[in-house]
Amino acid sequence: DHQTILRAWAVKDFAPNCPLYVQILKPENKFHIKFADHVVCEEEFKYAMLALNCICPATSTLITLLVHTSRGQESQQSPEQWQKMYGRCSGNEVYHINLEESTFFAEYEGKSFTYASFHAHKKFGVCLIGVRKEDNKNILLNPGPRYIMSSTDICFYINITKEENSAFKKHEKHRKKHESKLSYHGASRLPVHSIIASTVAIDLQDTGCRTSRGPTLALPSEGGKEGRRPSIAPVLEVADSSSLQTCDLLSDQSEDETTPSDDEVSAGLEYAKGYPPYSPYIGSSPTFCHLLHEKVPFCCLRLDKGCQHNYYEDAKAYGFKNKLIIVAAETAGNGLYNFIVPLRAYYRPKKELNPIVLLLDNPPDMHFLDAICWFPMVYYMVGSIDNLDDLLRCGVTFAANMVVVDKESTMSAEEDYMADAKTIVNVQTLFRLFSSLSIITELTHPANMRFMQFRAKDCYSLALSKLEKKEREKGSNLAFMFRLPFAAGRVFSISMLDTLLYQSFVKDYMISITRLLLGLDTTPGSGFLCSMKITEEDLWIRTYARLYQKLCSSTGDIPIGVYRTESQKLTTSESQISINVEEWEDTKDTKEQISYRSNHRNSTSSDQSDHPLLRRKSMQWARRLSRRVPRHSSKTAEKINQQRMNLYRRSERQELAELVKNRMKHLGLSPAGYDEMNDHQNTLSYILINPSPDTRLELNDIVYLIRPDPLAYVPNTAPSRKDSFCNTVGQDTREETQL
């Protein structure tokens, strides 16, 4: 960074008018180059993406695909349907156009933003995600149904190609020659294939406030009539205050937030909302967050050591209601602050906040503890992921996600691509010990992602490796996209974001949009990224287009993609194969076993005859024991025989489970929940960015949403940074401008 800063100063000194595009590593160095036109700070983006991966799966993959240039031609000749859909949708990027010059959006002048977004998707398959006023440099992501489109607005949308290169432009010019410009007359003017609901409810339904789990997709009351598909309320041209679901997150959206339970009161868990009073570095964007009324003493931030305020020494003792998010890092750098802030933003429901545990190789500095002590349920522990006891103490058996951050000390290895060796092996050990744990890993080299959750005899991964080679030969910028860990959002490399700086040369808004999506910046009136899961009760919605209409007509949310998980019959991994001597001997002594069975068929008891494998093996082991060890009494020999049989019958998975349970008992922890962590199922996960309107929704699909800013509906409720209560509580708060 010091060399980069000096180079930037040299350019500014020599050519003051030359546009500067700068990429640096550490956020604390940003203020040295604030004069640059475009700045990408790697640690800021990295930690924000890793954090959102925990609550919106595969956010890192979503952003990576959006900032890469592709025509969506990858794997279109593949026989597998998921590769075709995934490859085609990967071609979606963010584009912009003036409303008055647009074929997609011109007719929506004077209409609400959600109306324009829904109907543009309905007619053209484009996803309108944001706007910018002509006289304002701030971009607004999904400003909501109260925002009225203006002819001078700049529209930002997701599509396979930009409008100027599409066939719609030529078609529109030809149409205008033959017919005068008409106002919108409803569904009758739309092509038949784009009409979503054949019957549309006249009166708005289902406008009750949504619970903390996301937008409601409740079945309309008249949807149960036989022979009729459930209807969905129309999206209004101009928002009506009586029809909007304005879930006021400031006044808290769930009953328990307005009337806290006795447990919360006794535990002091009532949170306030405000701006954090202290930032670990200069230049961080102020974010409205869930905060504590009083900062936590530093001794209470240590998870594994009791103090005079509490006596808890492990994660289980705290009795957390939600599962943990564990971050394994070498040091608590200033960038780690950006992992915590998106997970404590004010628009995250209080009931859904996950405790955050920082597993650090080195103790954190005091100034970092000053920054995190205001956030609820944030703890740290000194330890390493290659130590099983440290993992168990920090609560890995209660974790929803484990984030493994690349270590700076290993980034520069003597041999290329060996920088990730320790991280990969440690993560593989984690995967073997806790197979159902969601592990998100940062690597230095993207090429090393093929070793994540490695299986030596996995034919499917081998086939994907050949597919990657073919795509690279074709010149694809996203040849690695079909690797299962990347498609599922389980692995990320900061070098994948190098294209963000290149794209900003043509699209000067890409860095701003990415920061808004990740929660690094907050603009009043701009929405935020979140997700909702499709449950069995939601399947009545059927298609992505109907979901789009339902969300726009009720909560004003804009869907931008789907994260899909399918059961996959992969080759059984080594960790799941029961390796024992019995099976090995079967292949080695087949002829001997057949003759033995024929000679001794009538010499065994009726009980053994029910279990021929047990009979055969017990006789084999008895015969070997008699050759190798001195003769003992029959009872002793039988006991030794049984012990050895039990030992060799154990699978590798059983041995690992026994190891972990023994360590948990030694540490005084209950091994009750470990069996659930060890229940692994082979699945295939991938992202569909802006899928076609007729895409069928499936059970457990996770839909990415851009939700309107709740503060936009509640004027004068967000205090300014100077008026925030955090700057008036306590005498030891510091100014952000202090180093």
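Summary of computed values
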quantity	calculated
Members of the range 90-114 that are open to solvent by less than 10 Å² (accessible area, probe 1.4 Å) and closer than 21 Å to Gln549 by Cβ	Asn92, Phe104, Phe105, Tyr108, Ser112, Phe113, Thr114
Unique match (being modelled with pLDDT under 75 and buried (at least 19 other Cβ atoms within 10 Å of the Cβ)) among Tyr713, Tyr704	Tyr713
Per-region count, the range 492-514, residues open to solvent by 10 Å² or more (accessible area, probe 1.4 Å), touching a residue at least 60 places away in the same chain (Cβ under 8 Å) and either part of a helix (DSSP H, G or I) or among the aromatic types (Phe, Trp, Tyr) (or both)	8
Residue within the range 39-49 that is hydroxyl-bearing (Ser, Thr, Tyr), out of contact with any Gly (no Cβ under 9 Å at 6 or more places or on another chain) and in contact (Cβ under 8 Å) with a residue 24 or more places away in the chain present	no
Output for the range 473-486, where each listed residue is over 15 Å from His445 (Cβ atoms), surrounded by fewer than 20 Cβ atoms within 10 Å (Cβ to Cβ) and of a type outside the set (Asp, Glu)	Lys474, Gly475, Asn477
Yes/no for Val382 being touching a residue at least 12 places away in the same chain (Cβ under 8 Å), open to solvent by less than 10 Å² (accessible area, probe 1.4 Å) and of a type in the set (A, V, I, L, M, F, W, C)	no
Those helices (runs of 4 or more DSSP H) lying entirely in the range 1-108 with at least 2 residues small (Gly, Ala, Ser)	2-14, 42-55
Test for Val403: is it open to solvent by less than 30 Å² (accessible area, probe 1.4 Å) and either over 22 Å from the mean Cα position of the chain (by Cα) or not hydroxyl-bearing (Ser, Thr, Tyr) (or both)	yes
Close pairs from the range 314-339: first under 14 Å from Tyr380 (Cβ atoms) and of a type in the set (Ser, Thr, Tyr), partner part of a strand (DSSP E or B) and open to solvent by less than 10 Å² (accessible area, probe 1.4 Å), Cβ under 7 Å, at least 6 apart	Thr331/Leu360
So Ala36, is it at pLDDT 95 or above, of a type outside the set (Asp, Glu) and either out of contact with any Gly (no Cβ under 9 Å at 6 or more places or on another chain) or open to solvent by less than 10 Å² (accessible area, probe 1.4 Å) (or both)	no
Flag if Tyr147 is open to solvent by less than 20 Å² (accessible area, probe 1.4 Å) and either at pLDDT 90 or above or among the small types (Gly, Ala, Ser) (or both)	no
Verdict on Ala58 being among the hydrophobic types (A, V, I, L, M, F, W, C) and within 17 Å of Ile440 (Cβ to Cβ)	yes
In the range 283-304, the residues that are crowded, with 17+ Cβ neighbours inside 10 Å, over 30 Å from Leu667 (Cα atoms) and either modelled with pLDDT of 85 or more or in contact with a Cys (Cβ under 7 Å, 6 or more places away or on another chain) (or both)	Thr287, Phe288, Cys289, His290, Leu291, Leu292, Lys295
Test for Gly489: is it open to solvent by less than 10 Å² (accessible area, probe 1.4 Å) and either part of a helix (DSSP H, G or I) or farther than 28 Å from Leu684 by Cα (or both)	no
Scan of the range 44-85 for residues that are crowded, with 22+ Cβ neighbours inside 10 Å and acidic (Asp, Glu), ordered by number	Glu44, Glu74
Residue pairs meeting the criteria (Cβ under 6 Å; at least 6 apart or on separate chains; first open to solvent by 50 Å² or more (accessible area, probe 1.4 Å), in the range 420-436; second assigned to a loop (DSSP other than H, G, I, E, B) and at pLDDT below 85)	Ser436/Asp679; Ser436/His680
Scan of the range 439-461 for residues that are open to solvent by less than 20 Å² (accessible area, probe 1.4 Å) and under 16 Å from Asn682 (Cβ atoms), ordered by number	Ile439, Met452, Asp458
Failed condition for Trp374, given (1) at pLDDT 90 or above; (2) open to solvent by 40 Å² or more (accessible area, probe 1.4 Å); (3) aromatic (Phe, Trp, Tyr)	(2)
Residue count for the range 460-486, restricted to those that are of a type in the set (D, E, K, R), more than 13 Å from Gln73 (Cβ to Cβ) and part of a helix (DSSP H, G or I)	5
Options Glu566, Glu537: the member that is open to solvent by 10 Å² or more (accessible area, probe 1.4 Å), in contact (Cβ under 8 Å) with a residue 12 or more places away in the chain, among the acidic types (Asp, Glu) and part of a helix (DSSP H, G or I)	Glu537
Residue in the range 412-419 that is open to solvent by less than 30 Å² (accessible area, probe 1.4 Å) and in contact with a helix residue (DSSP H, G or I) (Cβ under 9 Å, 6 or more places away or on another chain) present	yes
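Conditions (1) open to solvent by less than 60 Å² (accessible area, probe 1.4 Å); (2) on the phi > 0 side of the Ramachandran plot; (3) part of a helix (DSSP H, G or I); (4) modelled with pLDDT of 75 or more, marked per residue:
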position: Gln642; (1), (2), (3), (4): no, no, yes, no
position: Glu658; (1), (2), (3), (4): no, no, yes, yes
position: Leu688; (1), (2), (3), (4): yes, no, no, yes
position: Ser692; (1), (2), (3), (4): yes, no, no, yes
position: Asn700; (1), (2), (3), (4): no, yes, no, yes
position: Thr717; (1), (2), (3), (4): yes, no, no, no
position: Glu735; (1), (2), (3), (4): no, no, no, no
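Yes/no matrix, rows are residues, columns are (1) touching a strand residue (DSSP E or B) at 6+ places or on another chain (Cβ under 8 Å); (2) β-branched (Val, Ile, Thr):
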site	(1), (2)
Glu442	yes, no
Pro446	yes, no
Cys459	no, no
Lys469	no, no
Phe480	no, no
Arg490	yes, no
Val506	no, yes
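The values are calculated or read from the model by the stated rules, or taken from the named source; none is laboratory data. In this text the structure is predicted, and so the values were computed from the model without any measurement. Methodologically, a virtual Cβ is constructed for each residue, glycine included, from the backbone with ideal geometry; neighbour enumeration extends over all protein chains shown. We work out accessible area using only protein heavy atoms, side chains counted, and drop any ligands, DNA or RNA first. Shrake-Rupley method; radii C 1.70, N 1.55, O 1.52, S 1.80 Å.
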